[in-house]
1. Which whole-number percentage describes the relative contact order of segment A:35-79, with Cα contacts under 8 Å and a sequence gap of 6 or more?
2. Between the DSSP loop rule and a limit of at most 15 other Cβ atoms within 10 Å, which chymotrypsin sites (Phe, Trp or Tyr not before Pro) in segment B:1-96 are left?
3. Taking trypsin sites (Lys or Arg not before Pro) as candidate sites, keep only those in a DSSP loop with at most 16 other Cβ atoms within 10 Å, then name the longest stretch of chain A containing none of them.
4. Could you report the buried accessible area between B and A, both sides summed, computed with a 1.4 Å probe and given in Å² to the nearest 100?
5. Just to confirm, what accessible area per residue do you get for segment A:1-117 at 1.4 Å probe, in whole Å²?
6. Take the alpha-carbon centre of segment A:101-134, take the same for segment A:161-225, and report the distance between them in whole Å.
7. What is the local net charge at B:Ile12, summed over the other residues whose Cβ is closer than 13 Å to its Cβ (Lys, Arg +1; Asp, Glu -1)?
8. Net charge near B:Ala73: determine it from the other residues with C-beta under 13 Å of the C-beta of B:Ala73, scoring Lys and Arg +1 and Asp and Glu -1.
Amino acid sequence: MFFLPQHRRYEEFWEGVRDQGSVAMGISAWGLMTGVAMVKSGLSVAEALLMTFIVYAGSAQLAAVPMMVSGAPLWVILAAAFCVNLRFVVFSAHLRPYLMHLPRWQRLVSGYVTGDLSYVFFARRYPKPGQTPDELARQQAYLMGNCAVNYVGWMTASVVGVVLANAIPTEWGLGFAGILALLGVLCSLATSRLRVLSAGVAGAAAVAAWALPLKLNILVAIASAVAVCLVIEHLDPKRSGGHRGA
Amino acid sequence: MLDVDLWTLLTIVALGLITVVTRGFFFISDKPWSLPGWAQRGLQYAPIAALAAVVIPEIVMARGQLVDTWQDARLFAALAGMAWFSWKRGVLGTIVAGMAVYLPLHVGLGW
């Protein structure tokens, strides 16, 4: 957890803070517009604040709010949020060997605060789980540095968005800064041909499967990209070499 | 404005649990197991795939369709952002360069 002082002893914590700092502006713009959208969709200010602080998952919040306002049954809302969050299930499979040395409650809190970009930066920085307790602790410190910046930036901006919902013009499209942040990180990950292919396949599949409900197109896209890359790796093992950074 | 509907509160708490369960899905069990080798290799392609799956539709689609006009601020903003990245490698610069192109086109020209 990023509030534990033990992480801050490691320089990796501050490296994580700096890495996540490079995208904080985009994440904040996104948090701001999520805050605005929750209020404009019909939640009261207090409800929107509670949702910000408890749910901490922008895309699930945006999917759930209109359903809550229209009075959908609870299980439908929860099933929808689960589906929108399915990519995190994939991420947790990836992160498992990095976190299993921690007690369960720490693992769950770590998972809870690990959003998309914290996961992506972590996976980029550490292709393999640490072999010693010290390496694992440093990796965890890096992850928590990322999460700390993401948490503070997102929460602050969301609260501002909720409070000033009616003063912030949605038609300016400030939330696009969040997409640009992801785009920059995407470019930074494109370090091998197969990774570029993975992005291409995923992008095309996400567009083609757009009509699927509950953002399931994202899961379809990840599965297709991983499958295509694995097949090509298998057919031509030479090409899979040369991954810088993973 | 400060009213909290009880049912809404319950829904919000349950949604928070969904966040915990999905983000920590494979951390819940203490039983030792690990993913098969092919899955571990495959996961190295997951981060970039997840980003592309979120980002690309947000740039090239509008109202559920591929954009059918080049007069869309997002296309130019994405190009400007990628150009900046290939030049300077910074993500912050990618955001700033992209928004510097996006806002005038979107707010000014209505693209």
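1. Worked out over segment A:35-79, it gives 40 percent.
2. Here the chymotrypsin sites (Phe, Trp or Tyr not before Pro) that fit, given the DSSP loop and packing criteria, are B:Trp33, B:Trp70.
3. A:10-243
4. Accessible area lost upon association: around 7000 Å².
5. 37 Å²
6. 22 Å
7. The answer is -2.
8. Residues near B:Ala73 contribute -2 overall.
The values are calculated or read from the model by the stated rules, or taken from the named source; none is laboratory data. Small disclaimer: the values here were computed from a predicted structure and weren't measured. Note that we place each Cβ from the backbone using ideal geometry, even for glycine, and neighbour counts take in every protein chain shown. What goes into the accessible areas is simple: the full protein's heavy atoms, side chains included, and nothing from ligands, DNA or RNA. Shrake-Rupley method; radii C 1.70, N 1.55, O 1.52, S 1.80 Å.
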